[in-house]
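Each value in this text was obtained by applying a stated rule to the coordinates, not by laboratory testing. Please read these numbers as outputs of a predicted model, since none were measured by experiment. All Cβ positions, glycine included, derive from the backbone under ideal geometry; neighbour counts span all protein chains shown.
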Amino acid sequence: MTSVVIVDDHHLFRAGVRAELDGLVDVLGDAATVEDAVRMVLDAKPDVVLLDVQMPGGGGVEVIRQVAARAPGQRFLALSVSDAAEDVIAIIRSGARGYVTKTISGAELADAVRRVAEGDAVFSPRLAGFVLDAFAGAASLPPAEVDPELDQLSPREREVLRHIARGYLYKEIALRLSISQKTVEAHVSAVLRKLQLSNRHELSRWAVERRLIE
Amino acid sequence: MTAVTAQPLRRDVEHGIVAGVCSGVANRLGIDPIILRVAVGAATLAGGTGLIVYLLAWALVPEQGGRSPSWARLAGRRDTWLVLSGSTLLLLSVLLLLREWGLWFSDAVVWPVLLAGGGAALIWRQSAASPPPAAPPPAAPERARPDRPVDPVRALRLPTPAAGPAAIGATLVIAAALVFLWLNDALAPARDVILAVLVVVVALTLILAPWWLRLVRGLTAERAERIRSQERSELAAHLHDSVLQTLALVQKRADDPRAVANLARRQERELRAWLDGGRPDPGESLASALEAAAAEVEETHGVPIDVVAVGDAPVDERATALVAAAREALVNAAKFAGGAPVQLYAEVGEDRTEVFVRDRGPGFDPDAVPDDRRGLRESIYGRMDRHGGRAVVHSSPGAGTEVELVIER
């Protein structure tokens, strides 16, 4: 069974997630602070860390930063009540392999955890919308300034993201686009990689417009 | 996503010896403060310049966490100085030309009159311009988030632009009087008295200036504190009116899960909208209009609707039609999807706007819908047709329904 550690500063919420995931995945433990979380993740080495975005002491971004310095392969799935673009994009850019909102059902969450454990990316409709928005500006730039490997989404990747934003599941997208589910997953992983590695000014400019950087 | 910002120059009182000037400057330059301290000491012993520079810096450089002095902002405005020096030079060249031609009274009259005229002009222009020139253009709407209140320093800023020119004007007038007296040899008897007065004034200034500056800064800090506590009470009032009320209702209706879920959902939406402060008005933004329509349907039918919008556009006639059609599609989804969540996705592109409304309900066969069902035929197909757009319904029994609305721009 896939093993997870739950990191969240709200006790009630940790208990709730634990109860919902009971029997679906193997919960190794939970932590309420950045320090505890880093220690526990490094000790327990779970397949996936379920990570709250907003916590005192730097939040999920800080946990990822400290763990990644010592255990670079650790996989994170962000689980947040915030759907503010700045929080979501920041946690993904710092290394989380997906983002789901806290209203997700237990079965869907367990499924998302398993997919992250297998190395896939998990995009909610909202995250797909943010990403489409972030990459939208790059199309209007002179080609010389754009690194297509990192700064642009391919037409197929855009199409996959649009379907996620419209509320389709991976297998439904595969059916509609007449491709395999593996190919859909590969497209989403490619988008994740671009989102994390692109230094595109568009991403920063977009962030400024959304008042992410003062 | 990090912005590198230069740290402003601040006195570092905590690590300083006298007033933290050397320590602050050293911080800014990234060198050891001891180097600056030795330099200032040496300059003080050799002629006293070190002491003067130090005292000036003490007065002008604010403490860490304090506010920047107002003169810095005025002097920072490049156009002020350009216009000033330009017109002065122009006037000077005309006068020198007149002097060369002999159209001239005498040096003892013209120069003082000129100085006094300039000074008086500056002062009078200032008082004539009251009510004071329009306040700086309103800053972009602040996000009133509880963790980041409106910058109290900005709210406190005094209308200082008036003070600078008036002070310069007064200096010019006084200088004119002095020059006039001096050129007419009327100053010699007064010189000793003036010197004495001057020395006393300088001494008093040196003694009292730090105390006065502290007083001014103390007042500023107090006002900032007052504004902060005002913000806190506003926040408390808002939470009381909204969140606490909802929590009370939730407790009362704890036996009705559907009502509780609806209450929670509505409160969540309100709180998000409030946290998101600067969101545009539904009358002006297509994305906001869609969100408002979704919120309304959600409340009436008690079905959660998630809205994801990419891009935005102003609301024109066709956008209004699009929102109305989307609203109808949402109502259909809420009615027939059996309470399952509904997803609305809108994408505003360069040449077209698309809206997708998807539900995970039982689905139906679009061709089998009877013609008298006005909802789909009139409110969706007809409306989109009339505005040069189109509507497509993808659905089959068991696979949910998706309504696709497209308007070319």
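Close amide H partners of residue A:3, meaning residues 5 or more places away or on another chain with modelled amide H under 5 Å apart, are A:26, A:47, A:48.
Legend: mean number of C-beta atoms from other chains within 10 angstrom of residue C-beta atoms, peptide A:165-171, equals 6. Stretched out straight at 0.36 nm per residue, the stretch from residue B:107 to residue B:192 would grow longer than its current Cα-Cα span by 28.1 nm.
Arranged by the count of other C-beta atoms within 10 angstrom, fewest first, what order do A:87, B:185 take?
On the way: A:87 20, B:185 9.
Least crowded to most crowded, the residues run B:185, A:87.
Using θ = phi - 60° in the Karplus curve 6.51 cos²θ - 1.76 cosθ + 1.60, the 3J(HN,Hα) couplings for region B:13-21 round to 5, 4, 9, x, 9, 9, 10, x, 5 Hz; x is entered for Gly and Pro. Close amide H pairs (under 5 Å, H built 1.01 Å from N) link residue A:31 with A:6, A:7, A:8, residues at least 5 positions away or on another chain. Within straight-line reach of residue A:171, meaning a Cα separation under 21 Å, sit the following lysines at least 8 residues removed in sequence or on another chain: A:182. Per residue of A:121-133, other chain Cβ atoms within 10 Å of the residue Cβ number 3 on average.
The long axis of helix A:155-165 is offset from the longest Cα principal axis of chain A by roughly 50 degrees. For a straight C-alpha distance cut-off of 18 angstrom, the aspartates and glutamates reachable from residue A:45 (same-chain residues fewer than eight places away being disregarded) are A:8, A:26, A:30, A:35, A:36, A:62, A:118.
Once you have the alpha carbon radius of gyration of region B:268-409, what is it after dividing by 2.2 N^0.38 Å, with N set to its residue count?
So region B:268-409 has a normalised radius of gyration of 1.01.
Annotation: for a label point projected 7 angstrom from Cα along Cα→Cβ of residue B:273, residues of region B:325-358 with backbone N closer than 17 Å are B:327. 3J(HN,Hα) along region A:182-194, derived from phi through the Karplus expression 6.51 cos²θ - 1.76 cosθ + 1.60 where θ = phi - 60°, amounts to 4, 5, 4, 4, 5, 4, 5, 4, 5, 5, 4, 4, 4 Hz, with x in place of Gly and Pro. Considering every alpha-carbon pair of region A:3-137, the percent of pairs per 10 Å bin, from zero through the bin containing the longest distance, is 13, 49, 33, 5, 0. Packing, as the average of other Cβ atoms within 10 Å across residues, places the peptides B:203-209, A:4-10, B:237-243, B:309-315 in the order A:4-10, B:309-315, B:237-243, B:203-209, highest first. Taken one residue at a time, the phi angles of region B:247-253 give Karplus couplings (6.51, -1.76, 1.60, θ = phi - 60°) of 4, 4, 4, 4, 5, 5, 9 Hz. Gly and Pro are set to x. Here is the tail figure for region B:215-343: Cα pairs spaced more than 20 Å apart come to 59 percent of all pairs.
Just to confirm a number: summing +1 for Lys and Arg and -1 for Asp and Glu over residues other than residue B:26 whose beta-carbon lies under 15 angstrom from that of residue B:26, what do you get? Intermediate results must be reported in sequence, preceding the final value.
Values: positive: B:10, B:11, B:28, B:37; negative: B:12, B:14, B:32.
Overall, the nearby charge balance is +1.
Ordering B:101, B:274, B:81 by the number of other Cβ atoms within 10 Å of each residue's own Cβ, fewest first, gives B:101, B:81, B:274. Rounded to the nearest 500, the helix-only mean residue ellipticity at 222 nm of chain A stands at -16000 deg cm²/dmol, with each DSSP H run of n ≥ 4 adding -39,500 (n - 2.57). Across peptide B:306-314, the mean count of Cβ atoms from other chains lying within 10 Å of each residue's own Cβ comes to 5.
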